[in-house]
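J.: The following block contains the structure, expressed as structure tokens.
The values are calculated or read from the model by the stated rules, or taken from the named source; none is laboratory data. Note that this is a predicted model, so its numbers are computed, not measured. Positions of Cβ are generated from backbone atoms using ideal geometry, with glycine treated the same way; all protein chains shown enter the neighbour counts.
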Amino acid sequence: MDERKEALRRRTKAFASAVVRFYISLDKGREELRILGKQLLRSGTSVAANYREASRARSEAEFIAKIDQCAQEADESQLWLELLRDDCHINSEPVNWLIQEADELIAIFVTMSKNVKQRLGKQG
């Protein structure tokens, strides 16, 4: 695996790990935190899982589908984080970092998808 793919693999795993640690820190006695936290846990860890699947794609179409899924899961993670911050008053450095990291990952995934789609368009 090339160096850039390996770096993104580590970065998506670090994002998933940070989501897990953040979820563990939430007060599950508050129903809204428990529900939103579980949604975040699912989508945030899916980013890394889908990237691993994308890195092993058997075709460029499969790669695009998985990379687009990564962007969708990162975007969904941002939604849960924003709700936790804005509506549940969970305003902390981990929330801010996770929102920023999700934003950067979305930008990377969208660029990757666009680049492959453009390359495929030029071949056809």
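J.: Mind listing whichever residues of the range 49-69 are more than 13 Å from I108 (Cα to Cα) and either crowded, with 23+ Cβ neighbours inside 10 Å or of a type in the set (S, T, N, Q) (or both)?
T.: Answer for the range 49-69, where residues must be more than 13 Å from I108 (Cα to Cα) and either crowded, with 23+ Cβ neighbours inside 10 Å or of a type in the set (S, T, N, Q) (or both): N50, A54, S55, S59.
J.: So, one more: Would you mind finding the one in V47, V19 that is assigned to a helix (DSSP H, G or I), more than 30 Å from R119 (Cβ to Cβ) and in contact with a Ser or Thr (Cβ under 8 Å, 6 or more places away or on another chain)?
T.: Answer to the selection: V19.
J.: Could you list all residues from the range 70-88 that are charged (D, E, K, R) and either surrounded by fewer than 21 Cβ atoms within 10 Å (Cβ to Cβ) or touching a strand residue (DSSP E or B) at 6+ places or on another chain (Cβ under 8 Å) (or both)?
T.: Within the range 70-88, D75, E76, E82, R85, D86, D87 qualify.
J.: Tell me which of these W80 doesn't satisfy, since it passes every other one: (1) touching a helix residue (DSSP H, G or I) at 6+ places or on another chain (Cβ under 6 Å); (2) in contact (Cβ under 8 Å) with a residue 60 or more places away in the chain; (3) in a helix (DSSP H, G or I).
T.: Exception for W80: condition (2).
J.: Quick one: would you say E93 is among the charged types (D, E, K, R), on the phi < 0 side of the Ramachandran plot and surrounded by fewer than 16 Cβ atoms within 10 Å (Cβ to Cβ)?
T.: Against the criterion (among the charged types (D, E, K, R), on the phi < 0 side of the Ramachandran plot and surrounded by fewer than 16 Cβ atoms within 10 Å (Cβ to Cβ)), E93 qualifies.
J.: Right, another one. Answer yes or no as to whether A107 is modelled with pLDDT of 95 or more, part of a helix (DSSP H, G or I) and out of contact with any strand residue (DSSP E or B) (no Cβ under 9 Å at 6 or more places or on another chain).
T.: Against the criterion (modelled with pLDDT of 95 or more, part of a helix (DSSP H, G or I) and out of contact with any strand residue (DSSP E or B) (no Cβ under 9 Å at 6 or more places or on another chain)), A107 qualifies.
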